[in-house]
Amino acid sequence: GKTAIAREAARIAGLPFIHFDATTLSEAGYRGRDADEMVKDLFAATKDDKKAAYGVIFLDEFDKLSAQGGAQRMAYARGTQHSLLRLVEGTELRIGNSFVNTENLLFIFGGAFSGIATGRKRHMNPIGFGAKVVEEFSCDELDTEDFIAYGMEPELMGRITQRVALEPLR
């Protein structure tokens, strides 16, 4: 559902679109694909640096890049997130004989973020007499701190200004 919504929105807006799986990403120089390859894929799909500079990149399974687990996993996740940060902030990439500026690309980060609600409940439930326990909350209430607690890099989450929660398909 998430990918279909993003693809259709890009089609309606007349923008080039690519879907990229975050689980294939790694830091540059390591096994896997580096973040720059998303822009290269977008350029390959359009064959035009002007069109590619205004495209949509849907990065699915973004939650799988959280820095949770052992030290090696945390280092991998943090490094990969930092490589994404460079693209989101805007940089110019050389692709063949062309240059693509990422400043105007729309990055959509999709993922399930399983278990983020557990951290949110702990964060919202105060301790003490008369404290009101929150049993349920809307995913729209998640904030940057929740994603950081989940293992996402503060610098990257600070640049993701819009969040949209989707209801699961039934």
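The values are calculated or read from the model by the stated rules, or taken from the named source; none is laboratory data. As the structure is a prediction and not an experimental result, all values here were calculated from the model. No Cβ is skipped: glycine too gets one built from the backbone with ideal geometry, and neighbour counts run over all protein chains shown. In case anyone asks, the SASA skips ligands and DNA or RNA and just uses the protein heavy atoms, side chains included. Shrake-Rupley method; radii C 1.70, N 1.55, O 1.52, S 1.80 Å.
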Identify, please: which residue in the stretch 69-104 is among the aliphatic types (A, V, I, L, M) and under 13 Å from the mean Cα position of the chain (by Cα) and is, among those, surrounded by the fewest Cβ atoms within 10 Å (Cβ to Cβ)? LEU85
Out of everything in the stretch 1-36 that is over 24 Å from PHE113 (Cβ atoms) and among the charged types (D, E, K, R), what residue ends up being most open to solvent (accessible area, probe 1.4 Å)? ARG31
Filtering the stretch 31-55 for residues that are more than 16 Å from ARG86 (Cβ to Cβ), in contact (Cβ under 8 Å) with a residue 12 or more places away in the chain and not hydrophobic (A, V, I, L, M, F, W, C) leaves a count of 6
Pairs only if they're at least six apart or on different chains, beta carbon under 8 angstrom, first in the stretch 94-113 and closer than 16 Å to ARG159 by Cβ and among the acidic types (Asp, Glu), second part of a strand (DSSP E or B) and modelled with pLDDT of 95 or more; list them, first residue then second. none
Report, ordered by the first and then the second residue, all pairs with beta carbons closer than 9 Å, sequence separation of six or more or different chains, a first member in the stretch 68-92 that is over 17 Å from LEU106 (Cβ atoms), and a second member that is among the hydroxyl-bearing types (Ser, Thr, Tyr) and open to solvent by 50 Å² or more (accessible area, probe 1.4 Å). TYR76/TYR30; GLY79/TYR30; THR80/TYR30
Matching residues in the stretch 5-43 (at pLDDT 95 or above and small (Gly, Ala, Ser)) number 5
In the stretch 148-170, residues that are in a loop (DSSP other than H, G, I, E, B) and either touching a Cys at 6+ places or on another chain (Cβ under 6 Å) or open to solvent by less than 40 Å² (accessible area, probe 1.4 Å) (or both) total 5
Give me the pairs: first residue in the stretch 1-28 and without any contact (Cβ under 8 Å) to a residue 40 or more places away in the chain, second residue open to solvent by 70 Å² or more (accessible area, probe 1.4 Å), beta-carbon distance under 6 Å, and six or more apart or on different chains, which are they? THR24/ARG33
